[in-house]
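Heads up, the thing below is written out as structure tokens.
The values are calculated or read from the model by the stated rules, or taken from the named source; none is laboratory data. This is a predicted model, so every value here is computed, not measured. Cβ atoms come from the backbone with ideal geometry, glycine included; neighbour counts cover every protein chain shown.
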Amino acid sequence: MTKPALKKIKPTAILLLILIATFMSLSQLPKTSAAASIISMTPTSGTIGTPVNLKGNISITDGTYEIRFDGNVIKSESAKGIDVNASFVIPEATSGNHTIMLLDTATTNNATQIFTVSTAYIISVDELAFPKQRQEGDSVTLNVTMTGANASTTYGADIRVATPSNTSSLKTIELATSAAGTAMATLVYPNDFPTGANTSLVGTYTASFNATFAGELASDTFTIGLTNATQYHRNEQIDVKAVYEPFENVTVSVYGNVQYYTENVAASDAGIVRFTNWTVPNDAMIYTYTVRIVSISNLTRKTPDDIQNFTVPGFAVNFTTLNLAGEPVQEIVFKAVEKGITAGSNISNYNGMLFLRLEAGTFDCEARYRNVRVGEGQVTITADSAINFTCSLTNLRVLVTEYTTKPIPDAEVFLFPENETLSTDLNGTVAFTSLLPNATYTLNASRYDMLFNTTTILQLPQVPWAEVPIICPTLTMQINAVDAAGNPINGALVKIGELTGGPQFEGTTANGMITHDFVFGRYKVEIYFEGTRLNKTTVDLNQTVVTVPIRCELFGLAVSIRLIDYFGQPIPNANVTLQRDSYRASGLTGGDGNAAFSNVIGGDLQVTVYLSGQSQPCVATTTGIATSQTVEIKIDKYTSLAGFLVETDQLITVLIVIIAVVFILALEIYRRRRFKQQKSET
């Protein structure tokens, strides 16, 4: 007995087995976390203090990470998911390449990026608080700084100060850096500079940081003036200082749009001119003024001249115009007057606010609204201020109700001469704000664009809120419901409701009529009979009595249902039922196949036909009735035969059988006659 041959294994099956084995082996390996990564770092070079943004990923969702600079932690936060978006600044370090590390603190996975630090050169001047100003002869502190330089190295630096006359003074210093590559020094100009350095000129000075091995690396400026401030207010004393020859006589002048003051002053034995004898007058205008010093003896000639401007700036004053109810009012024309001269004017914005700049003093203020004076008063200004200014403007509240005091919403109230229309809220109220008191106003109240009340206010009282009630009248609606022939419909259900919603009135007609009182407005009227809606219409109730004839064309119809058989013959004695909702009427067809119905309610009617002696309907259909008419229904299933109904298919079968029998008999008779004829001939 021979062994059966082994089937050859297909190569695809071998490949599948290898893949399965490989997958199972890999699945048994220990799981490893994804390494941390840096996606981007911007920028990758710069000076100390440079802001840097680093984006990357860590392996633990919402895990913590650290940003390290040369191994030192400079930021520690939590990731959003696995995403890192960190911002930091470069710390103090020497010039060259430094390592920035993103460390996943849970797994110790990390990624690194190189940041190159470059050397920064800085020179800065101490700032004075505004509006203070340095004067001639003052000293200035200069701060010199190097960062990101080589560690523990001494550098030579030239510090130069250029004057407004384009002369300069140079001071060479040594800057010794720390182990972190930072060096700082402080100089006082002109004290620490060579002989001849000074601040005896008005104008801008430039301090520059020049390296001995390069040109200008950094610079800053400072200003020297004559006055100790760049602006003064009324009644403030100015302080003028200038540098001249010892005991030199000079003329000090202060002037603006007109000459204000001139005085001759002698310099001290140190050559300092000091002038403090002038105070800004209490009527000084907001303006730019000038101080000028000129040598009388011409011992000192300065380039540029000793001349400097200062300002009398005024104070920032914010006015808020309010009505008597304390609400902001816009479009108020506001003016502040001092000694008959307008010091400032403006128009209030939608928040009732307006801005003026006024100097110290007392001002007469006037507010006008639509060219009518609505407020006046005095204000005293001593500093920046915020002032509420009340105007004689009144608010008007209008309440629209029924005679029962029930509020009427959505009524429109037109105010003349404001030409403003507002709609009442759910409480039946509208409010017109900031109206002129003692003026005449007219209110027109309407609903659905139909006027129902006009009220005239001869003198609006000067109060925070004036109130005017308006009563919406109650009127009578009379409904006359008639059928298609014009006859009254008794017992019809009438539903009447306002077009915008709300409570609905329901009543039943008597002799076709129903009467009820409603508030002035627009109403939806619907007529129902036995659950069927006969008609609907919209009525404007805007007269004392409104009579509404409603003709219900679908009511009182004469309808006849005519039944015919397959051949169009009338079907008598069948029961016909008309039905819709709660309406139902039945009748028998006569010899002409008609079943007549009167007072039918039109619309979609269900017609059901029961043949004589049957309990199940043979016809159930729906037909639309809009007028008095005869509806013919053909019942193909039956045929009237000698007063009896026979199913048409049975009748046809009988006829076919009879025809077939007759045909066969005819053939048999023909065959026999033919046979006898042939036999006789034989």
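Quick look at the values:
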{"item": "Qualifying positions in the range 487-538 - among the β-branched types (Val, Ile, Thr), outside any strand (DSSP E or B) and surrounded by 14 or more Cβ atoms within 10 Å (Cβ to Cβ)", "result": "489, 509"}
{"item": "Qualifying residue in the range 97-111 (condition: surrounded by fewer than 13 Cβ atoms within 10 Å (Cβ to Cβ), in a strand (DSSP E or B) and at pLDDT 95 or above)", "result": "yes"}
{"item": "Cβ pairs under 6 Å, 6+ apart, first in the range 163-190 and closer than 17 Å to residue 125 by Cα, second aliphatic (A, V, I, L, M) and not in a strand (DSSP E or B)", "result": "163/201; 164/201; 169/197; 190/197"}
{"item": "Near pairs, Cβ below 7 angstrom, 6+ apart or cross-chain, from the range 98-115 (touching a residue at least 24 places away in the same chain (Cβ under 8 Å) and closer than 16 Å to residue 59 by Cβ) to any residue that is surrounded by fewer than 19 Cβ atoms within 10 Å (Cβ to Cβ) and among the basic types (Lys, Arg)", "result": "101/68; 103/68"}
{"item": "Filter result (under 30 Å from residue 538 (Cα atoms) and surrounded by 14 or more Cβ atoms within 10 Å (Cβ to Cβ)) within the range 459-472", "result": "470, 471, 472"}
{"item": "Looking only at the range 282-315, and only at residues there that are buried (at least 18 other Cβ atoms within 10 Å of the Cβ) and among the polar types (S, T, N, Q), the one that is modelled with the lowest pLDDT", "result": "300"}
{"item": "Strands (runs of 3 or more DSSP E) wholly inside the range 581-682 containing at least 1 residues that are of a type in the set (A, V, I, L, M, F, W, C) and either surrounded by 15 or more Cβ atoms within 10 Å (Cβ to Cβ) or assigned by TED's automatic domain parsing to the domain that holds residue 487 (or both)", "result": "583-588, 594-600, 603-610, 619-625, 629-634, 644-647"}
{"item": "Failed item in (1) farther than 30 Å from residue 255 by Cβ; (2) in a strand (DSSP E or B); (3) out of contact with any Leu (no Cβ under 8 Å at 6 or more places or on another chain), with residue 351 passing the rest", "result": "(2)"}
{"item": "Test for residue 343: is it out of contact with any Pro (no Cβ under 7 Å at 6 or more places or on another chain), buried (at least 20 other Cβ atoms within 10 Å of the Cβ) and under 30 Å from residue 499 (Cβ atoms)", "result": "no"}
{"item": "Failed criterion for residue 555 (all others in (1) out of contact with any Lys or Arg (no Cβ under 9 Å at 6 or more places or on another chain); (2) in a strand (DSSP E or B); (3) buried (at least 19 other Cβ atoms within 10 Å of the Cβ) hold)", "result": "(2)"}
{"item": "Residues (over 25 Å from residue 51 (Cβ atoms) and in a loop (DSSP other than H, G, I, E, B)) located in the range 112-136", "result": "126, 128, 129, 130, 131, 133, 136"}
{"item": "Criterion: surrounded by 14 or more Cβ atoms within 10 Å (Cβ to Cβ), over 35 Å from the mean Cα position of the chain (by Cα) and without any contact (Cβ under 8 Å) to a residue 60 or more places away in the chain - qualifying residue of 82, 67", "result": "67"}
{"item": "Matching entry among 382, 433, 440, 424 (being crowded, with 17+ Cβ neighbours inside 10 Å, among the polar types (S, T, N, Q) and either modelled with pLDDT of 95 or more or within 30 Å of residue 361 (Cα to Cα) (or both))", "result": "424"}
{"item": "All strands (runs of 3 or more DSSP E) inside the range 400-469 with 2 or more residues being touching a residue at least 24 places away in the same chain (Cβ under 8 Å)", "result": "412-416, 429-435, 441-447, 450-457"}
{"item": "Selected residue (criterion: nearest to residue 82 (Cα to Cα)) from residues of the range 48-61 that are at pLDDT 95 or above and assigned to a loop (DSSP other than H, G, I, E, B)", "result": "58"}
{"item": "Lone qualifier among 195, 300, 288, 206 - being within 19 Å of residue 133 (Cβ to Cβ) and either assigned to a loop (DSSP other than H, G, I, E, B) or in the same structural domain as residue 137 (by TED's automatic domain parsing) (or both)", "result": "206"}
{"item": "Some residue of the range 399-409 being closer than 26 Å to residue 372 by Cα and not assigned by TED's automatic domain parsing to the domain that holds residue 321", "result": "no"}
{"item": "Filtered residues of the range 50-92 (kept if among the aliphatic types (A, V, I, L, M) and out of contact with any Asp or Glu (no Cβ under 7 Å at 6 or more places or on another chain))", "result": "52, 54, 67, 74, 82, 84, 89, 90"}
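Okay, residues lined up against (1) crowded, with 17+ Cβ neighbours inside 10 Å; (2) within 27 Å of residue 270 (Cα to Cα):
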| site | (1), (2) |
| --- | --- |
| 147 | yes, no |
| 150 | no, no |
| 180 | no, no |
| 202 | yes, yes |
